[in-house]
Amino acid sequence: MAETLFKIDLNKPMQDQEVPGHNRWHPDIPAAASTDPGTDFRIECLDWTNNQIKNDDSADDIRDIDLTPCHVLSGPIHVNGAEPGDLLVVDILDLGTPKELDEPWGYTGIFSQQNGGGFLTDVYPDAHKAIWDLRGLYASSRHIPDVQFVGIKHPGLIGCAPSADLLAKWNKREQALIDTDPDRVPPLALPPLPQNALLGTLTGSEFERAAGEAARTIPPREHGGNCDIKNLTVGSRIYFPVYVDGAKLSLGDLHFSQGDGEITFCGAIEMAGYIDLGVELIKGGMQKYGMTRPMHMPIFEMSHLEPRYSSNIVFEGIGVEDDGTQRYLSITAAYRQACLNAIEYLKTFGYTDEQAYIILGTAPIEGRVAGVVDIPNAAVSIYLPTEIFKRNILPTEVPARTRSDAQLPRSPGEPDINETHVQ
């Protein structure tokens, strides 16, 4: 088994671990461990909320969650020899639920509009929760009947530390966005917040300075971060730009399964667990492979592993709001409409609004861009596997187009095999 470079006690929050991780991005966060290129190792992770969600039948913990400590990340891991301009090559070798749990479980939350919200928070503003039983490859929930599916386990959040210059760029552009509507609920972005900041072993005046600069972990950025790519599972490879010496790789927010978009905000099946990684370096890789644009991102090679579902029902959306407002080639507006169409459809088969919303966030749905050239409407589609349901969710009132007088053709002179012969 790979050496464990970051170990977690599931009964303790991240700040009380033997070696604490972090919940902000900053280049000065000290490394928690180091390794050489060409090595494999294990990282253990808490769930992203720092143990705030419980396995029960109340959504009060989702409603009252404190988002200031989120996400809690394991790391950083210093990769010896890594320098700015290199590419850190990361292979995902294994990923699973905590070995200590006899009955592994995860959860999904619809966050309230006043506290995080979600993709459809204006339609579903209240907090809800589903608990999932994780048995081998399968997830099922006592809160969502007649649904079971194979998960694609993956890290929702993984990335290298930003440089000081890159961090300053993030803070400047996100503050400019906030300034366009500073009182919006939920907010347009989250500025640096010293409250409940955790910066590894950094202390004293250095902590105070860094906590005032460090970026929140909620959005993805040029270094990767919270990209929530559902197919980034065991067998995948990632090429990360390196911005600081040692790369300082961190990760967390492990998911058992997720639909494209993770639409409820806490829309995956969230879990604690472990992940095994292998690392290599490509010296000067950023320049060599054209990763020098202002908004370049990591590059991914996806695994061959995925659930084998072949039957889908597909919902389409275009970039027009419910009130008729036309959005020019808006993928976001189109995806929203596809989701709402799918939810309304699932309600006709006995699911509540919130159950259908959670199904789209957790099941391995495929969100696809159909067109971005046909002005003014962008079009998207959502592929929902029908085999995950233990009840029929296809329309059953379609008349059968069969002829009662249909016969098989025959050659001239041969007996009529369509006739019934009585001996």
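The values are calculated or read from the model by the stated rules, or taken from the named source; none is laboratory data. These figures come from a predicted structure and were not determined experimentally. Neighbour counts are summed over all protein chains in view; Cβ atoms, including those assigned to glycine, are modelled from backbone coordinates with ideal geometry.
Condition check ((1) in a strand (DSSP E or B); (2) at pLDDT 95 or above; (3) touching a Ser or Thr at 6+ places or on another chain (Cβ under 9 Å)) across all residues:
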{"position": "Tyr357", "(1), (2), (3)": "no, yes, yes"}
{"position": "Asp374", "(1), (2), (3)": "no, yes, no"}
{"position": "Val380", "(1), (2), (3)": "yes, yes, no"}
{"position": "Thr402", "(1), (2), (3)": "no, no, no"}
{"position": "Gln407", "(1), (2), (3)": "no, no, no"}
(request) Could you check, for the range 75-85, whether at least one of its residues is in the same structural domain as Tyr239 (by TED's automatic domain parsing) and within 23 Å of Gly361 (Cβ to Cβ)? (result) no
(request) Sort out for me the strands (runs of 3 or more DSSP E) sitting completely within the range 204-286 that have 1 or more residues that are modelled with pLDDT under 95. (result) 265-270
(request) Give His255, His304 a once-over and let me know the one that is surrounded by fewer than 21 Cβ atoms within 10 Å (Cβ to Cβ) and in contact (Cβ under 8 Å) with a residue 24 or more places away in the chain. (result) His304
(request) Given the conditions (1) surrounded by fewer than 12 Cβ atoms within 10 Å (Cβ to Cβ); (2) aromatic (Phe, Trp, Tyr); (3) in a strand (DSSP E or B), report the number of the one that Phe315 does not fulfil. (result) (1)
(request) Sort out which residues of the range 159-178 are within 16 Å of Leu87 (Cα to Cα) and polar (S, T, N, Q), and write them in order of number. (result) Ser163
(message) Of everything in the range 356-392, what is crowded, with 18+ Cβ neighbours inside 10 Å and touching a Leu at 6+ places or on another chain (Cβ under 8 Å)? Give them in sequence order.
(response) Ala356, Tyr357, Ile359, Leu360, Ala363, Ile365, Asn377, Ala378, Ile382, Leu384
(request) Working only within the range 1-29, note down all residues that are under 26 Å from Asn115 (Cβ atoms) and not in a loop (DSSP other than H, G, I, E, B). (result) Met14, Gln15, Asp16, His22, Trp25
(message) Exactly one of these conditions fails for Gly117: (1) outside any strand (DSSP E or B); (2) crowded, with 19+ Cβ neighbours inside 10 Å; (3) modelled with pLDDT of 95 or more. Give me its number.
(response) (3)
(request) Please go through the range 315-361 and pick out each residue that is within 17 Å of Gly259 (Cβ to Cβ), touching a Pro at 6+ places or on another chain (Cβ under 9 Å) and not polar (S, T, N, Q). (result) Tyr351
(request) Consider Thr396 carefully, then state whether it is of a type in the set (Val, Ile, Thr), exposed (fewer than 14 other Cβ atoms within 10 Å of the Cβ) and more than 25 Å from Val320 (Cα to Cα). (result) yes
(message) Which condition from (1) part of a loop (DSSP other than H, G, I, E, B); (2) touching a residue at least 24 places away in the same chain (Cβ under 8 Å); (3) exposed (fewer than 15 other Cβ atoms within 10 Å of the Cβ) is the one that Asp183 breaks?
(response) (2)
